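The values are calculated or read from the model by the stated rules, or taken from the named source; none is laboratory data. These numbers were taken from a predicted model, which means no experiment stands behind them. For neighbour counting, all protein chains shown are included, and Cβ atoms are generated from backbone atoms with ideal geometry for every residue, glycine included.
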Amino acid sequence: MIYKRLFGAIVVALVLATSTGLCQEPEELTVFAAASLTGAFGEIGQLYENETGIHVLFNFDGSQALATQMVNGAYADVFASANTKQINVVKKAGLMNTSRIAIFTKNKPALIVPIDNPAGITGLSDLNRSGLKIVIGTDDVPIGDYTRQIMDKLENDTTYGYWYKVGFYNNVVSRETNVNYIVSKVALGEADAGIAYKSDVTPAMAEKIARIEIPEKYNVIAEYPMGALNQTRYPAQADMFMRLVESDQGRAVLEKYGFDPVSGPAIPSTAASNAKAAA
């Protein structure tokens, strides 16, 4: 398989670099990643460990919480955010390697309801009905920011308007700091609806929640950037993890979990190229 040969070359390059003192080989790589990436990155992390023997320690949370942790001194090798705003917070603090930040996948918000949908919600037009219980993200978590953008579009559309937006927010019973909390509350029937990502209706959750698409004219595209931290003690291994995410196999995993691909071919590995040159 071409990918396995390519990834094997990356591993060889890292071994050579370690043996010549160019980098320190870790037992563990620390990756801070948006909560919505939990399933996909968990699988990619296992692929990485299987090939390298290096365990990936993940910290999954709202991107804003992760950014705050790093700005306040938490150690991470790689940061993958659910929006550019939070990665820019870390960048502004001087913590990101600005030469290695790239959008690696995309996503879209979606309306989610309990699988039995007791409130009979069929779309956006139902969300201002009096008495509904809706759960959304806080304004600083990416899914909350995307929800606010959607509501602003609806307010400016004559079909919905200002009072629709007022009715929607009157129905909000909880604002969560992590998209996984939104999904959990809807799945448990603690809310009639929530706004999460389309990727959150995973095969494991499909028996508990249903997804209702948001029309394109009102929706927004969530772009996910990723980069290495200046503080990383393992730059070669951090780069290797990011290239695995950006590879054909990494993209396939992300798409399996409901994420959308970025345009252009998978990014080739510099480490693999170096290995070929040294051969």
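Worth a mention:
- Picking from residues in region 86-125 that are closer than 22 Å to Tyr162 by Cβ and buried (at least 17 other Cβ atoms within 10 Å of the Cβ), the one that is farthest from the chain's Cα centre (by Cα) is Ile121.
- Any hit, region 149-167, residues being surrounded by fewer than 17 Cβ atoms within 10 Å (Cβ to Cβ), touching a strand residue (DSSP E or B) at 6+ places or on another chain (Cβ under 9 Å) and either without any contact (Cβ under 8 Å) to a residue 60 or more places away in the chain or farther than 16 Å from Ile214 by Cα (or both): no
- Members of region 166-196 that are over 16 Å from the mean Cα position of the chain (by Cα) and polar (S, T, N, Q): Asn170, Asn171, Ser174, Ser184
- All conditions but one from (1) crowded, with 18+ Cβ neighbours inside 10 Å; (2) within 19 Å of Thr38 (Cα to Cα); (3) not polar (S, T, N, Q) apply to Ala206; the one that does not is (1).
Residue by residue, here is whether (1) more than 23 Å from Asn107 (Cβ to Cβ); (2) not acidic (Asp, Glu) holds:
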site: Leu154; (1), (2): no, yes
site: Thr159; (1), (2): yes, yes
site: Val172; (1), (2): no, yes
site: Arg175; (1), (2): no, yes
site: Val179; (1), (2): no, yes
site: Ser184; (1), (2): no, yes
site: Ala187; (1), (2): no, yes
site: Glu190; (1), (2): yes, no
site: Gly194; (1), (2): no, yes
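- Restricted to region 67-178, the set of strands (runs of 3 or more DSSP E) holding at least 2 residues that are over 30 Å from Leu244 (Cβ atoms), among the aliphatic types (A, V, I, L, M) and in contact with an Asp or Glu (Cβ under 8 Å, 6 or more places away or on another chain) comprises 109-114, 134-137.
- Looking only at region 31-84, residues that are among the polar types (S, T, N, Q) and either outside the structural domain of Asn230 (by TED's automatic domain parsing) or within 14 Å of Gly227 (Cβ to Cβ) (or both) come to 4 in all.
- For region 209-250, taking the residues that are part of a strand (DSSP E or B) and under 15 Å from the mean Cα position of the chain (by Cα), the one that is surrounded by the most Cβ atoms within 10 Å (Cβ to Cβ) is identified as Tyr224.
- Residue within region 153-166 that is modelled with pLDDT of 95 or more, closer than 29 Å to Glu255 by Cα and not assigned by TED's automatic domain parsing to the domain that holds Ser81 present: yes
- Ile136, sole failed condition from (1) closer than 28 Å to Gly258 by Cα; (2) loosely packed, with under 15 Cβ neighbours inside 10 Å; (3) of a type outside the set (Lys, Arg): (2)
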